[in-house]
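Notes follow once the structure below has been shown.
Any read-out appearing in this document is the output of simple, stated calculations on the displayed coordinates, not a laboratory observation. The structure presented is a predicted model; accordingly, all values stated were derived computationally and were not measured. Heads up, the Cβs are rebuilt from the backbone with ideal geometry, glycines too, and the neighbour counts pull from every protein chain shown.
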Amino acid sequence: MRKVSYNLCKTLIVLGVAAAGSAAAMGPMGLSEKPGLWQMSTSMPRMPHGMVSKICVDAAMTDRLVDSSAHVQGVTCSKRDVHMRPGGAVVDTVCTTGGRTITTHAEINMPTPASFHETVQASFSPAIAGHSQQSSTVDGQWLGQCPAGMRAGDVVMGGMPGMAGGMKLNMYDVTKAMHH
């Protein structure tokens, strides 16, 4: 597993806030209410093989990430609007980090307490590697209890180009490190 750069972590946190805000908004059907191991399959146009991530969620994770993201050094969010709808939510965010503004529009649907489908449209100004927009879809499935060796906040991301073996990080540790 490779270590991830500080700026990439901040960008992942900002993008994760859109998803975390969506899940937190879902109340009894949100990820924060379904602790355990979640598998998320992400697809993006510039990532032809997609990416499968596994994350160990505890009951307080979503609230803690949303709260801590507001205090991550170098990240400022001027907008985080959550609009509830039957079986889902729409979340719009505008955050700035490292001189870059990231605007997201996320729509999440939760047909059951153990699954969700999310679409995210993100725009970057200035562009990242020549790309000013990114769309993605995420399908999540609850797998059960977190396995031995994983603790709340652990994320294992596979299928990342140029990163054989994927990447592992702990969202709690990343946000804590970014406060300093």
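Some values worked out for this structure:
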{"read-out": "Under the Karplus curve 6.51 cos²θ - 1.76 cosθ + 1.60, θ = phi - 60°, whole-Hz ³J(HN,Hα) for the stretch 109-123, x wherever Gly or Pro sits", "value": "10, 10, x, 9, x, 10, 7, 8, 10, 10, 10, 10, 10, 10, 10"}
{"read-out": "FRET efficiency estimate (nearest 0.05) - Cβ-Cβ, Leu143 to Ala60, R0 30 angstrom", "value": "0.95"}
{"read-out": "Two-site label geometry, Lys168 and Ser123: point separation in nm, points 7 Å out along Cα→Cβ", "value": "3.9 nm"}
